[in-house]
């Protein structure tokens with residue numbers, strides 16, 4: 001079985017009881033996630049988080065704190081691949097830019113969502129982990 005590891009950096013961006021999310025075009029269908037994504041070779045995780053937020057949402061952010069690191073492993077049955085993910089999650093504050101959608105990437109839109117409405121969204125587990133860590 002082939003093995004694959006992915007290291008990615010994400011940001012939890014909250015303002016006025018809303019959270020900034022990006023809609024990932026996953027193989028299962030669209031799912032909301034924290035803005036972020038994979039590190040380029042040699043890239044610092046903090047730089048990757050800032051770059052990915054800008055690419056997926058149009059916003060420039062300042063990273064405030066390292067929130068947590070999550071790791072999981074699963075076998076992807078369609079490949080088959082033994083997949084290991086390492087997710088580095090920061091808190092961040094918007095310091096510039098305007099909301100826009102990514103073109104030609106792994107997400108197709110970005111939006112602010114009231115935190116109270118998040119449980120009704122189709123989302124990845126990382127959203128819940130991020131919001132729990134900042135509450």
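The values are calculated or read from the model by the stated rules, or taken from the named source; none is laboratory data. Only a predicted model underlies this, so the values are computations on that prediction, with no experimental measurement involved. Positions of Cβ are generated from backbone atoms using ideal geometry, with glycine treated the same way; all protein chains shown enter the neighbour counts.
Structure notes:
- Selection count where residues are in a strand (DSSP E or B), under 13 Å from the mean Cα position of the chain (by Cα) and under 19 Å from residue 50 (Cβ atoms), scope the range 106-126: 2
- Just one of the listed residues (42, 29) is surrounded by fewer than 20 Cβ atoms within 10 Å (Cβ to Cβ), more than 14 Å from residue 12 (Cα to Cα) and at pLDDT 95 or above, namely 42.
- Residues that are under 18 Å from residue 38 (Cα atoms), modelled with pLDDT of 95 or more and in contact with a helix residue (DSSP H, G or I) (Cβ under 8 Å, 6 or more places away or on another chain), drawn from the range 86-124: 87, 88, 89, 90, 91, 92, 110
- Evaluation of residue 87 against the conditions (1) crowded, with 17+ Cβ neighbours inside 10 Å; (2) closer than 14 Å to residue 20 by Cα shows that the sole unmet condition is (2).
- Exclusive hit being in a helix (DSSP H, G or I), in contact with a strand residue (DSSP E or B) (Cβ under 9 Å, 6 or more places away or on another chain) and closer than 21 Å to residue 132 by Cβ, set 8, 49, 22: 49
- Contact map, the range 45-56: first residue closer than 13 Å to residue 34 by Cβ, second residue at pLDDT below 95, Cβ cut-off under 7 Å, separation 6 or more or different chains; pairs are 56/102; 56/105; 56/107.
Let's see how each residue does on (1) assigned to a strand (DSSP E or B); (2) crowded, with 16+ Cβ neighbours inside 10 Å; (3) in contact (Cβ under 8 Å) with a residue 24 or more places away in the chain:
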{"position": "67", "(1), (2), (3)": "yes, yes, yes"}
{"position": "72", "(1), (2), (3)": "yes, no, no"}
{"position": "79", "(1), (2), (3)": "no, no, yes"}
{"position": "99", "(1), (2), (3)": "no, no, yes"}
{"position": "104", "(1), (2), (3)": "no, no, no"}
{"position": "128", "(1), (2), (3)": "no, no, no"}
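- Count - residues of the range 61-101 that are out of contact with any strand residue (DSSP E or B) (no Cβ under 7 Å at 6 or more places or on another chain) and farther than 12 Å from residue 4 by Cα: 4
- Selection status of residue 83, farther than 21 Å from residue 113 by Cα and at pLDDT below 95: yes
- Residue check for residue 54: surrounded by fewer than 18 Cβ atoms within 10 Å (Cβ to Cβ), within 14 Å of the chain's Cα centre (by Cα) and at pLDDT 95 or above: yes
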